[in-house]
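Worksheet for the structure shown next.
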Amino acid sequence: VEWKDADAIDPCTATDEANEALVTQAIAEAFPEHALIGEEGCAKAGCIPRLDETTPTWIVDPIDGTQNFVHGLPLCAVSLGLCVRGQPYLGVVYSPHLDELYVGVAGSGSFL
């Protein structure tokens, strides 16, 4: 476990990095014209890029709840968001421990 902050509150594991690489590669292959913002990549770069309103942008949290993951608690998920024209359009959360997929689409509602 590495820590993204000096207070050792925000961990980053090898699984975070592997998940982010897997997800961002799949999105990049499926949507090569889209931009990507990954939590772990931003932490390493030390900044969060601004949304480009002309480019659909995926936002990836490879393990939402890394503290729980590190401590073996089954309260974590993979969270993805898609912003279109600078606004949230799609949200997807997968809980591997519950094997549940949650999806929300602007103007269409949310689904389990």
For region 53-112, radius of gyration divided by Kirkwood radius, i.e. Rg to Rh on alpha-carbons:
1.06
Angle, helix 14-30 long axis vs. longest principal axis of the chain, Cα atoms, 0 to 90°, nearest 10?
10
Could you sort ARG85, ARG50 by their accessible area in this structure, using a 1.4 Å probe and putting the largest first?
ARG50, ARG85
Stretch gain in nm, segment CYS42-LEU98, where the contour uses 0.36 nm per residue and the Cα spacing is subtracted:
17.3 nm
Quick one, what does Rg over Rh come out to for the chain if you take C-alpha atoms and the Kirkwood Rh?
0.97
Going by amide H atoms built from the backbone, whose H comes under 5 Å of the H on LEU36, apart from near neighbours?
TRP58
Zone of LEU90 (label point 7 Å along Cα→Cβ, backbone N under 19 Å): which residues in region 12-29?
20-29
So between ALA21 and PHE111, what do we pick up on full extension, going 0.36 nm a residue minus the alpha carbon distance?
29.8 nm
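The values are calculated or read from the model by the stated rules, or taken from the named source; none is laboratory data. This one's a predicted model, so the numbers in the text were calculated from it and none came from an experiment. Heads up, the Cβs are rebuilt from the backbone with ideal geometry, glycines too, and the neighbour counts pull from every protein chain shown. Accessible surface is based on the protein model in full, side chains and every heavy atom, while ligands, DNA and RNA are left aside. Shrake-Rupley method; radii C 1.70, N 1.55, O 1.52, S 1.80 Å.
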